[in-house]
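> One structure, pasted below without further comment.
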Amino acid sequence: MIDQTTSPSSAGSVPIFRARPHLHSGWLDDLRKHWPLYAMALPALLLVIVFSYGPLFGLSIAFLDYSPARGFWGSRFVGFKHFEEAFTNPFFMTALRNTLMIKFLQTVVGFPSAIILALLLNEVRIRWFKSVVQTATMLPYFISWIVAAAMFRNLLSPSYGVVNEVLQNVFGFSQPFVVLSDPERFRWFIVFQDTWKFVGFFSIIYLAAIASIDPTLYEVAMVDGANRWQQTWHITLPGIRTTMVTLFIILIGYLMIGSFEQIFAQYNVSVYSTGDILETFTYRLGLQQSKYSFATAVGLFQAVIAAGLVVFANYLVKRVDQDGLF
């Protein structure tokens, strides 16, 4: 490729022709120069291709009358039949409503809780107390939902649970406090249990963002007479705004994705009206009733709506002059 320019020193502006290197030679030279780095990244790239993009081929099941015996190529194409069945299924609408309600409540309760916990921990000046609180709030994140479900089932058991023993013998309750089989209480139990598990993890992220704020800003604010609350409102919160926005956009995408392990390990028939979510609904149909195409159609619907929510939330954030996720 030829690049034509003019010489600034010449009176007649004589054109000078320079040869521009080919575009494809740039990445080839970079590959030869940094091939060890590319070789190190290759296994991770292959894992993403095989386990993240490879299974996307299975989404075609949603448009087929799929049978494992006939396979992909032998199954009849039915178009959007399974999507129409899902939208007219009353149990699907109940599961969709429960998913949105539970995830919305988890976001409303859990998102500000992590910020408040991080702000409170940032104000603690006793190092050992701060370490104890951080450890205590972080430990639930490493407990699997199966173990947590067994633990809470024993604590909240109406017959032998510690909670009911205390309520009846100490506070004089005449009736046991039922949670796991009460539809209304079960929903709120799931919400606060999710906050209990993740609030410590997200607070660590916010504490890391707070640590990156320039300490001279606080010193200047103190000189100007700002108290701790004013420093938090005008320095700390704006300093972690980007982190808050990023996590908020990610959480918006999860409004359509329920916590399968958490609810599956603890729900029962008596709480289907408020506890049955799309993941447990598709599990029963896809694996227990062998309706693979119907379950895949529901999963594809969730993925498309979740991606749309992320894009829409990112668009709204950018409209108010804030940094978006992308």
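> Could you give the longest part of the chain that holds none of the trypsin sites (Lys or Arg not before Pro) found in DSSP loops with at most 14 neighbouring Cβ atoms within 10 Å?
Counting at most 14 other Cβ atoms within 10 Å as exposed, the longest clean stretch of the chain is 126-326.
> Turning to a different aspect of this structure: Quick one: plug the Kirkwood hydrodynamic radius of region 24-115 (C-alpha pairs) into Stokes-Einstein at 20 °C, 1.002 mPa s, and report D in µm²/s.
So the translational diffusion coefficient is about 116 µm²/s.
> A further question follows. Any chance you could count the Lys pairs in region 85-319 whose alpha carbons are under 29 Å apart, treating pairs 8 or more apart or on different chains as valid?
Going through region 85-319 pair by pair, I get 4.
> With +1 assigned to the C-beta of every Lys and Arg and -1 to the C-beta of every Asp and Glu, and no other charges, what is the dipole magnitude of the chain about the Cα centre in debye, to the nearest 20?
About 360 debye.
> Could you pull the Rg and Dmax for the chain, using just the Cα atoms, both in Å?
For the chain, the Cα radius of gyration and maximum Cα-Cα distance read 27.9, 104 Å.
> Mind jotting down the three principal axis lengths of region 163-317 based on Cα atoms? Whole angstrom, largest first.
67, 51, 21
> List the aspartates and glutamates whose Cα lies under 19 Å from the Cα of Lys81, skipping any in the same chain that are fewer than 8 positions away.
Answer for Lys81, where 19 Å is the Cα cut-off: Asp65, listed by chain and number.
Rule-based calculations on the coordinates, nothing more; no lab input. Since the structure is predicted, the reported quantities are computational estimates derived from the model, not experimental observations. Cβ sites come from the backbone with ideal geometry, for glycine too, and all protein chains shown count toward neighbours.
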